[in-house]
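The values are calculated or read from the model by the stated rules, or taken from the named source; none is laboratory data. None of the values given here were measured: they were computed from a predicted structure. With ideal geometry, Cβ positions are generated from the backbone for all residues, glycine too; neighbour counts draw on all protein chains shown.
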Amino acid sequence: MMPDELGLDGPDAARLADELLGAGRPFHAHEVLEASWKSAPPDERDLWQGLAQIAVGLTHAHRGNARGAVTLLRRGADRVRAYRDAAEPSALGSEEPPATRGRPRAGGHPYGIEIGAVLAACDDLAARIERRGLTDIPAADLRPRLLAPAGADGPGRSVVE
């Protein structure tokens, strides 16, 4: 079990959770994301809680629980969408809303997290599981990544041994 006071900053938590998901360890990724959610400033909690719920959905999928997987993938994606939508600049002006000032821009990449890709992967996976169950889901589809691949923006750093 990961301590709630893990103390990783946003980029390190995102990187560690991404590597754990890629290694097929969604439960451990959930632990990292939950610690970040519990210690995050209020305006980032939907992001971290949503990502933690997505990791729980993947854990259910790995364990053969299709119904739990679909429920948590969708619930998590909805929270991440709420975060993204709250952080988008108002169409009425270019000034950032007061509630989002100082937050990493959610325009798709807070802490390097590819929000659009994460949401698309969750929506697609939940729909496929709901239609056909877990039997035909390739293992790679149960290992979605949070971050852009290493090399896309520069060298990555491994934190999972």
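Taken over segment 95-142, the criterion of being of a type in the set (Lys, Arg), farther than 17 Å from Ala66 by Cβ and either modelled with pLDDT of 90 or more or surrounded by 15 or more Cβ atoms within 10 Å (Cβ to Cβ) (or both) is satisfied by Arg103 alone.
Just to be sure before I move on: is Ala17 buried (at least 16 other Cβ atoms within 10 Å of the Cβ) and within 11 Å of the chain's Cα centre (by Cα) in the structure I sent? Here the answer is yes, as Ala17 does meet what is asked. One residue stands out among those in segment 132-147 that are in contact (Cβ under 8 Å) with a residue 40 or more places away in the chain, assigned to a loop (DSSP other than H, G, I, E, B) and not basic (Lys, Arg): the one that is farthest from His62 (Cα to Cα), which is Leu146. Taken over segment 41-63, residues that are within 10 Å of the chain's Cα centre (by Cα) and among the aliphatic types (A, V, I, L, M) amount to 5.
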